[in-house]
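Written out below as structure tokens is the structure these notes cover.
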Amino acid sequence: MFRKLLQFVIGKNPGGEAVRYVIVGGLTTLVNFGLFLLLNGVMKIDVTVSNLTSISVSILFAYVANKLVVFMRRSESASALALEFVKFVGSRLLTMALEVGLVALFYYILGQDAWLGKLISQVLVIVANYFISKIIVFRS
């Protein structure tokens with residue numbers, strides 16, 4: 001049973017890809033939240049600076065993990081790699097704006113905890129990032 005599950009997850013099929021995306025997305029979220037907690041919660045760095053930093057680091061992690069683990073893509077040339085990276089980062093900058101805006105909305109305007117805004121924004125960002133990555137960045 002475990003072997004079949006493992007073959008499903010690591011195989012080149014849409015279901016396995018979705019499972020890998022959820023796993024990598026979870027790890028990316030941990031990187032994002034962990035760094036945000038360290039910077040804002042422990043080091044008391046400004047909410048927006050902490051948020052931008054944690055998102056930037058998680059974008060770099062996500063690119064490598066999505067390319068190699070989720071979509072299993074190899075680049076044929078340095079220029080293809082550069083174009084793919086630019087598309088990935090560009091798309092993540094769009095969803096980063098959504099995330100930063102929602103966290104700022106919850107914290108500065110609604111007077112809620114920044115963590116609530118961060119959590120809610122993550123749900124929207126994860127879904128958007130999957131479809132953008134699949135359709136635009138790592139398409140076959």
Meets criteria (more than 20 Å from Ile135 (Cα to Cα), modelled with pLDDT of 90 or more and surrounded by fewer than 18 Cβ atoms within 10 Å (Cβ to Cβ)) for Gly41: yes
Hey, Leu39 hits all of (1) under 24 Å from Val19 (Cβ atoms); (2) free of Cβ contacts under 8 Å to residues at least 60 places away in the same chain; (3) in contact with a Ser or Thr (Cβ under 6 Å, 6 or more places away or on another chain) but one; which does it fall short on? (1)
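Can we say Ile126 is of a type outside the set (Asp, Glu) and touching a residue at least 12 places away in the same chain (Cβ under 8 Å)?
yes
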Search result, residues across the stretch 52-80 that are of a type in the set (Ser, Thr, Tyr) and more than 19 Å from Ser121 (Cβ to Cβ): Tyr63, Ser75, Ser77, Ser79
Which one of these is closer than 19 Å to Ala65 by Cβ, touching a helix residue (DSSP H, G or I) at 6+ places or on another chain (Cβ under 7 Å) and free of Cβ contacts under 8 Å to residues at least 40 places away in the same chain: Phe106, Phe85, Phe131? Phe85
For residues that are among the charged types (D, E, K, R) and within 25 Å of Arg139 (Cα to Cα), scanning just the stretch 68-127, find the one that is farthest from the chain's Cα centre (by Cα). Glu76
Consider the stretch 54-65. How many of its residues are surrounded by fewer than 18 Cβ atoms within 10 Å (Cβ to Cβ) and either closer than 14 Å to Met96 by Cβ or basic (Lys, Arg) (or both)? 4
Examine the stretch 67-80 for a residue that is surrounded by fewer than 16 Cβ atoms within 10 Å (Cβ to Cβ), within 20 Å of Lys134 (Cα to Cα) and β-branched (Val, Ile, Thr), and state whether such a residue exists. yes
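The values are calculated or read from the model by the stated rules, or taken from the named source; none is laboratory data. A quick note: this is a predicted structure, and the numbers were derived from the prediction, not measured. Glycine also receives a Cβ, built like all others from the backbone with ideal geometry; neighbour counts cover every protein chain displayed.
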